[in-house]
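Q: Here it is: the structure, laid out below.
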Amino acid sequence: MPEQNPCYKISELLHQAKQSLSQTGIKTAALETRVLLCHVGGLSEAEVIAYPDRTIEEKPAAEFFDLVARRSQRIPLAHLLGVREFWGLEFCVNAQTLIPRPETEFAVESAVNCARAIFARTGQVRILDMGCGTGCLLVSILHEVAGASGLGIDINPQAVDLARKNAEKLGVERRSTFKCMDWGEGLIEKFDVIVSNPPYIRSGELAGLMPEVAVHEPVRALDGGVDGLDEYRKIIPRAQRLLNPQGRLIVEIGHGQATGVLGLLAQHDFQPVDAAKPVIHDLAGCERIISAVKVC
Ligand code: GLN
């Protein structure tokens, strides 16, 4: 906080904060400073833009400078706010789990379509989210498909707690359970749909990621081994055992991993749902989601 002539005018606060964030290499500094100011001041973004000459109280201003200082250390914005929007829903986040990414919404979309079709045919649909983290996949699917129910599993007990909290916050707690386990080892129940956004970054690429990810997100949620495919090697055979006949496996993948993952799927008797378009690309044009059906 400046020691002399503190100025708590919105325009001044934004200007100073934007400069310090820009200096640390944050490209979206202007947007992020507005978001942080709205957060501490209880203001809307429209108010912050429309009334630059308004002042804010000393306490929120101090809180604002504190958050800006932490953001300058490249702590992710979502960790500072404690929440991240995903699939139009507000998820609680913390440093224990991956922050939900927009590209993962393509996995939700695929799973929602599939779960709706199964529900329409059979009157029920059971979903398993492997490595649920915040619970963003399972919770979003259950929020969208009223008759669906599911289980979220994660190796990290703190992720399980967070996912459960998000299920409660978003009103799907009666249709969801969360358990701490390793890729479903020991599960005997069968599922109609399995979704997973496993760790898939190649180990050698971790250090080169932006500091928000490399330093502040859990390496266990990111590291997919030398070729990034280690976890698919565990998930795919496990999914083969846990799915009902004709059950669906929907996985997120990283760029350049489609051939490898499709190969693993074929080895374990899965076929892409759409043979003509086996991989769904995200908005950036990257290979992102594979939806496969268990054929025997
Ligand atoms: N399923 C969670 C997500 O999509 C967590 C994924 C992970 O930890 N790799 O955000």
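Q: Put +1 on the Cβ of each Lys and Arg and -1 on the Cβ of each Asp and Glu in region 20-113; which of L31, V48, I75 then has its Cα farthest toward the positive end of the dipole?
A: Selected residue: I75.
Q: Can you count the Lys pairs in the chain whose Cα atoms are under 19 Å apart, with each pair 8 or more apart or on different chains?
A: For the chain, qualifying lysine pairs total 11.
Q: For region 94-143, what is the charge dipole size about the Cα centre, in debye to the nearest 20, if Lys and Arg each add +1 at the Cβ and Asp and Glu each add -1 at the Cβ?
A: Taking the Cα centre of region 94-143 as origin, the dipole is about 220 debye.
Q: For the chain, what is Rg from Cα atoms divided by 2.2 N^0.38 Å, rounded to two decimals?
A: In units of the globular-protein estimate, the chain measures up at 1.12.
Q: I've got another one for you. Could you list the GluC sites (Glu not before Pro) in region 180-211 that lie in coil according to DSSP, counting only those with at most 10 other Cβ atoms within 10 Å of their Cβ?
A: E185, E189
Q: On the protein heavy atoms, probe 1.4 angstrom, tell me the percent of accessible surface of region 144-296 carried by carbon and sulfur.
A: In region 144-296, the share of accessible area belonging to carbon and sulfur is 55 percent.
Q: Turning to a different aspect of this structure: Need one number for region 76-186: average projected area of the convex hull over its C-alpha atoms, nm².
A: Average of the hull's projected areas for region 76-186 equals 6.6 nm².
Q: Still on this model: If we count every other residue with Cβ under 13 angstrom of F191's Cβ, Lys/Arg +1 and Asp/Glu -1, where does the sum land?
A: +3
Q: Now a separate question. Using a probe radius of 1.4 Å on heavy atoms only, what accessible surface per residue do you get for region 159-248? Whole Å² is fine.
A: Heavy-atom SASA per residue in region 159-248 reads 49 Å².
Q: What is the magnitude of the charge dipole of region 8-136 about its Cα centre, with +1 placed on the Cβ of each Lys and Arg, -1 on the Cβ of each Asp and Glu, and no other charges, expressed in debye to the nearest 20?
A: 380
Q: Next up: How large is the accessible surface per residue of region 3-85, computed with a 1.4 Å probe and reported in Å² as a whole number?
A: Roughly 57 Å² per residue, with all protein chains present.
Q: Which semi-axes, in whole Å and largest first, does the equivalent ellipsoid of region 128-187 have when worked out from the alpha carbon gyration tensor as the square roots of 5 times its eigenvalues?
A: Here the semi-axes work out to 18, 12, 8 Å.
Q: Mind checking which of N94, N197, N113 has the largest fluctuation in a GNM of the chain, springs on alpha carbons under 10 Å?
A: Maximum fluctuation in the GNM of the chain, among the listed residues, is at N113.
Q: So what is the relative contact order of region 41-95, in percent, for Cα pairs below 8 Å that sit 6 or more residues apart?
A: 20
Q: Here's a follow-up. Counting Lys and Arg as +1 and Asp and Glu as -1, each charge on the Cβ, what is the dipole of the chain about the Cα centre in debye, to the nearest 20?
A: 700
The values are calculated or read from the model by the stated rules, or taken from the named source; none is laboratory data. Worth saying up front: this structure is predicted, and the values here are computed from it rather than measured. Heads up, the Cβs are rebuilt from the backbone with ideal geometry, glycines too, and the neighbour counts pull from every protein chain shown. When the accessible area is computed, the model is the full protein with side chains, heavy atoms only, and any ligands, DNA or RNA have been set aside. Shrake-Rupley method; radii C 1.70, N 1.55, O 1.52, S 1.80 Å.
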